[in-house]
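Asks: This is the structure I want to talk about, given as structure tokens.
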Amino acid sequence: MRAAVVREHGEIENILIEDDFPEPDLEPGWARIAVKATSLNYHDLFTRRGMPGINLPLPLVVGSDIAGEVVEVAGGVVEATIGNRVLIDPLNMQRGMIGERWNGGRAEYCVADAKQLVPIPDTVSYEIAACIPLAYATAHRMMVTRGDVKAEDTVLVMGASGGVGTACVLLAKRAGATVISCASTEEKLERLKNLGSDHGVNYVEQDMREASWEIAGKPRITGEGGVDLLVNCTGGGSWIDSTRCMRKGGRLVTCGATAGFEDQIDIRYVWTYEHSLLGSNGWHRSDIVTMLEYAAEGSLLPVIDRVMPLEEVHEAERLMEEREVFGKIVLQP
């Protein structure tokens, strides 16, 4: 089968397009999926580059967000039948994550435990479905379950133009909150405005903290000023400024650190302003189901930057690596 294969960790050029990569074996209780769409995530870049202290099986077909059609099932499978349109919940509690621990979606076929399959509503396209697990379901758990976003909140979203970022903006607006979006270009900020963002901060040209103070007010110990919920999945030295933007009783929520996981924090502001620092680790199946329901009813649709053929995977990863993406990139094998 045709697949994009990583045989050794390294740069983008280490992704090889192969026409005769072996089809995966079908195990008891599993199903074979004809891949129709798989979306990119920043995590894919870490997988391709290699992660310190983590050994991944090579050669590896990357790609964890996968939507497709069931074409074969092993004996005894009752969760799916041939012809079903399905989205794969990427995480298998025994095996780990598809596209990281076993071959994923950048291929014509993949296999998964039938218990991981989530039906795709008839009105939802494969491309839309493939955007949901790692970005939109993660954002739902972070914003709704952990962050408890409410209509009266002012929410600041860092890295708002990426897959998780745009999802956070849409979820905050769905709740009725006021949103401050941070992005690197005026073009991205204009697109975020079109998604409903109330304010924009170009963090290349403006100091984020000062810009936040101008919009939401400088936090005061008496409770005035500052944002209620701050989304920081960036890291990379941004936590001190983040806490300085938060009002008394404010919440900071994070699900990752794309710019680096080592950071600093001035804990005086945490105790003085009674901040809550909230971690959110991925998604639950219920988050995937909820986001598919939103897509089916049309109340929240993932933002797709572009759909590209598998053969353009190198350009797709370059766009993500250089942050030239607004929303999600989807590959079609």
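The values are calculated or read from the model by the stated rules, or taken from the named source; none is laboratory data. Note that the coordinates shown come from a computational prediction; the quantities given were computed from them, not determined experimentally. Cβ coordinates were reconstructed from backbone atoms using ideal geometry, including for glycine residues, and neighbour counts include every protein chain displayed. For accessibility, only protein heavy atoms count, side chains too; no ligands or nucleic acids. Shrake-Rupley method; radii C 1.70, N 1.55, O 1.52, S 1.80 Å.
Asks: Could you please give the count of residues in the stretch 165-194 that are outside any helix (DSSP H, G or I), under 18 Å from the mean Cα position of the chain (by Cα) and of a type in the set (Ser, Thr, Tyr)?
Replies: Initially, the stretch 165-194 is screened for residues outside any helix (DSSP H, G or I), giving 176-185.
Filter again for under 18 Å from the mean Cα position of the chain (by Cα), leaving 181-183.
Next cut, of a type in the set (Ser, Thr, Tyr) only: 181.
Qualifying residue count, the stretch 165-194: 1.
Asks: Same structure again: Would you confirm whether or not the stretch 242-257 contains a residue that is in a helix (DSSP H, G or I) and of a type outside the set (Gly, Ala, Ser)? Outline the logic, then answer.
Replies: First, the residues of the stretch 242-257 that are in a helix (DSSP H, G or I): 242-244.
Narrowing further to those that are of a type outside the set (Gly, Ala, Ser): 243-244.
Looking through the stretch 242-257, at least one residue is in a helix (DSSP H, G or I) and of a type outside the set (Gly, Ala, Ser).
Asks: Looking only at the stretch 258-274, which residues are modelled with pLDDT of 95 or more, open to solvent by 60 Å² or more (accessible area, probe 1.4 Å) and in a loop (DSSP other than H, G, I, E, B)?
Replies: Glu274
Asks: Could you tell me which residue of the stretch 20-35 is modelled with the highest pLDDT, considering only residues that are surrounded by fewer than 22 Cβ atoms within 10 Å (Cβ to Cβ) and either in contact with a Gly (Cβ under 9 Å, 6 or more places away or on another chain) or among the aliphatic types (A, V, I, L, M) (or both)?
Replies: It comes out as Ala34.
Asks: Right, another one. Here is a check on your reading of the model: is Ser197 touching a helix residue (DSSP H, G or I) at 6+ places or on another chain (Cβ under 6 Å), assigned to a loop (DSSP other than H, G, I, E, B) and either within 25 Å of His140 (Cβ to Cβ) or of a type in the set (Ser, Thr, Tyr) (or both)?
Replies: Values: touching a helix residue (DSSP H, G or I) at 6+ places or on another chain (Cβ under 6 Å): yes; assigned to a loop (DSSP other than H, G, I, E, B): yes; either within 25 Å of His140 (Cβ to Cβ) or of a type in the set (Ser, Thr, Tyr) (or both): yes.
Here the answer is yes, as Ser197 does meet what is asked.
Asks: From the residues in the stretch 204-241 that are within 20 Å of the chain's Cα centre (by Cα) and part of a strand (DSSP E or B), which one is nearest to Asp148 (Cα to Cα)?
Replies: Of everything passing the filter in the stretch 204-241, Leu229 is nearest to Asp148 (Cα to Cα).
Asks: I'd like to know if the stretch 69-85 contains one or more residues that are over 30 Å from Arg251 (Cα atoms), in contact with a helix residue (DSSP H, G or I) (Cβ under 7 Å, 6 or more places away or on another chain) and buried (at least 24 other Cβ atoms within 10 Å of the Cβ). So that I can check it myself, show each step before the final result.
Replies: So the first thing to find is which residues in the stretch 69-85 are over 30 Å from Arg251 (Cα atoms), and the list is 69-85.
Imposing the further condition that a residue be in contact with a helix residue (DSSP H, G or I) (Cβ under 7 Å, 6 or more places away or on another chain) reduces the set to 73, 77, 79-80.
Next cut, buried (at least 24 other Cβ atoms within 10 Å of the Cβ) only: none.
The answer is no, given that none of the residues of the stretch 69-85 is over 30 Å from Arg251 (Cα atoms), in contact with a helix residue (DSSP H, G or I) (Cβ under 7 Å, 6 or more places away or on another chain) and buried (at least 24 other Cβ atoms within 10 Å of the Cβ).
Asks: Taking the criterion of being among the hydroxyl-bearing types (Ser, Thr, Tyr), within 28 Å of Glu321 (Cα to Cα) and out of contact with any Cys (no Cβ under 9 Å at 6 or more places or on another chain), would at least one residue in the stretch 117-130 satisfy it?
Replies: Here is the first cut: in the stretch 117-130, the residues among the hydroxyl-bearing types (Ser, Thr, Tyr) are 123, 125-126.
Right, trim to within 28 Å of Glu321 (Cα to Cα) and you get 125-126.
Now drop any that are not out of contact with any Cys (no Cβ under 9 Å at 6 or more places or on another chain), which leaves 125-126.
Yes, because at least one residue in the stretch 117-130 is among the hydroxyl-bearing types (Ser, Thr, Tyr), within 28 Å of Glu321 (Cα to Cα) and out of contact with any Cys (no Cβ under 9 Å at 6 or more places or on another chain).
Asks: Would you mind finding the one in Thr154, Thr234, Thr185 that is touching a residue at least 60 places away in the same chain (Cβ under 8 Å), within 19 Å of Glu322 (Cα to Cα) and of a type in the set (Ser, Thr, Tyr)?
Replies: Values: Thr154 fails: within 19 Å of Glu322 (Cα to Cα); Thr185 fails: touching a residue at least 60 places away in the same chain (Cβ under 8 Å).
After applying the criteria, what remains is Thr234.
Asks: Let me ask something additional. Can you tell me how many residues in the stretch 112-154 are of a type in the set (A, V, I, L, M, F, W, C) and open to solvent by 40 Å² or more (accessible area, probe 1.4 Å)? Before the answer, list the steps.
Replies: So in the stretch 112-154, the residues of a type in the set (A, V, I, L, M, F, W, C) come out as 112, 114, 117-118, 120, 124, 128-132, 134-135, 137, 139, 142-144, 149, 151.
Next, from what is left, pick out any that are open to solvent by 40 Å² or more (accessible area, probe 1.4 Å): 144, 151.
Residues that pass the stated criteria total 2.
Asks: Then there is this: Would you confirm whether or not the stretch 40-50 contains a residue that is surrounded by fewer than 18 Cβ atoms within 10 Å (Cβ to Cβ), touching a residue at least 60 places away in the same chain (Cβ under 8 Å) and under 24 Å from Val124 (Cβ atoms)?
Replies: Taking every residue of the stretch 40-50 in turn, none turns out to be surrounded by fewer than 18 Cβ atoms within 10 Å (Cβ to Cβ), touching a residue at least 60 places away in the same chain (Cβ under 8 Å) and under 24 Å from Val124 (Cβ atoms).
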